[in-house]
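Below you'll find the structure, written out as structure tokens, and then a few comments.
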Amino acid sequence: MQQIKGKLKNSPWDAPQVPCSESRSLNRVERLSESGIVRPLINSEVDLRSGMTEHNSRVYVLNMQGQPLMPTAPGKARKLLLQGKAKVVKRKPFTIQLNYASGETKQPITLGIDTGYSNIGFSAITETKELISGTLTMDDKTSSRLRERSMYRRGRRSKLWYRKPRFANRRKPEGWLPPSTKRRYDTHLNLIKRIKMILPISKTVIEVANFDIQKIMNPEIKGNGYQQGNLYGYHNMKSYLISRERGKCQLCGKDFKGQSVHIHHCRQRNEMGSDRPENLAVLHKTCHDNLHKKGLRLSKPKSYKPNVFMSIIHKKFYQDIPDMRVTYGYITFTDRKELGLEKSHATDAFVIAGGTIHERVKTMELHHVHRNNRVLQLNRKGYRPSIKRDKSKANPYDLFWVKGKQYVCKGMFSMGRYICYGSTKKKEYFKFTDVEKIYRQGSIVWN
């Protein structure tokens, strides 16, 4: 029988010990240049010091044709900008483009990608050092947005006087993926593409996995057991569940004795609960009613969505990145343990790329966001004021300037007339007409 539980809804050890002073002025590294003075730049729109040192000490460089070169030091990039030999083309990550032809000597760079359902680790290394490292946290709201769109569409179509019936008139193209799965997979490709736009990647190594879900759920399965599922030999789902629980209610543990049998979802439908037998429970009618009235829930079964996702994209990578090399999780685990590194997505990507004693950089924290809010269609009577008609002029995490001061957009309201830069409770906002310029982050936010 399934287990039921009621729950209410509601410093390194080998570091050298060097005596030093606690005074920051005495520990300051001596430099030939005046470190306390911030010199004005030719491009006044960009604060080079804050833009390039937020995550690491490397500035990414493009040639005159926009092709990536080896990254350079902040000091050299500052000189190129002051002399007018380069211009800033991207704030995050900080990237400059040369205005003159230069030698394009490149070192071999290996990019390692730690694939995942919710997080993606990435790391690019040369023979001696790491150039970029970070973790991308993906947006997990595609399914909820699709349900919301379906709700509005259903309500809109129900108000039509007549609609021609349509069924079985849509065909899925070859290689079709569910929208939520496709968005996660496209995020992997988009991240690899953006890294290749700022670094001359010569080799890409991706960690893949292929899971046997039936073997995970039933280790003893073999042969024709893969074709004969749990319901094999039973009339329907209810008869299988009653047989599985030996004719007893999963909440009170008593026999049904001719009483009506109700099927309950342990993980609710609004929580993306499925109709798998593992997610279903058989209860008395009174037990089922009490379960919802008291706000209690049964133990939720384990979700295998991450495993299924990894198995799906395992083959897709071969089609979209033909020159890649693959590795597997057990290899990454063994190599990371031998190096004595802590578990993280960025560290796994570093090991996947072949990193050992390379000089590391600070890890970036990236976020995957929804680029544009959905624009709903108009109803038959025209414009509805309660539904936004146009796309937002600024999205969350975009940068904007008012009177020369920089702010981070938190959202817009009042049909795009106001832009919020702080907590909405404190009403920290400006009129959009006061905004001087906007820097759009896009779908990937480089914090």
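Each value in this text was obtained by applying a stated rule to the coordinates, not by laboratory testing. Quick caveat, the model's predicted, so the values are computed rather than measured. Quick reminder, even Gly has a Cβ in these numbers, built from the backbone with ideal geometry, and neighbours come from all protein chains shown.
A few remarks follow.
- Ranking of Asp323, Asp434, Asp398, Asp114 by count of other Cβ atoms within 10 Å, fewest first: Asp323, Asp434, Asp398, Asp114
- Near Gly329, once Lys and Arg are set to +1 and Asp and Glu to -1 for all other residues with Cβ below 10 Å from its Cβ, the sum equals -3.
- Length-normalised contact order of the range 241-303 in % [C-alpha pairs under 8 Å, at least 6 apart]: 35 percent
- Theoretical FRET efficiency, 1/(1+(r/R0)^6), r = Cβ-Cβ of Asn63 and Ser118, R0 45 Å, to 0.05: 0.80
- The range 241-303 - charge dipole about Cα centre, Lys and Arg +1 at Cβ, Asp and Glu -1, debye rounded to 20: 140 debye
- Cα gyration tensor shape for the range 241-303, rounded if a/c is under 1.5, else prolate or oblate: oblate
- Cβ-Cβ FRET estimate between Glu359 and Gln228, R0 fixed at 51 Å, reported to 0.05: 0.35
- Ordering Tyr318, Tyr439 by the number of other Cβ atoms within 10 Å of each residue's own Cβ, fewest first, gives Tyr318, Tyr439.
- Net charge of Cβ neighbours under 11 Å - reference Ser202; Lys, Arg +1; Asp, Glu -1: +2
- Using a Förster distance of 22 Å, the FRET efficiency for Lys182-Arg157 (Cβ separation, nearest 0.05): 0.30
- Panel order for Trp446, Trp401, by other beta carbons found within 10 Å of each beta carbon, from fewest to most: Trp401, Trp446.
- Potential lengthening between Thr286 and Met70 on full extension [0.36 nm per residue; Cα-Cα distance subtracted]: 70.8 nm
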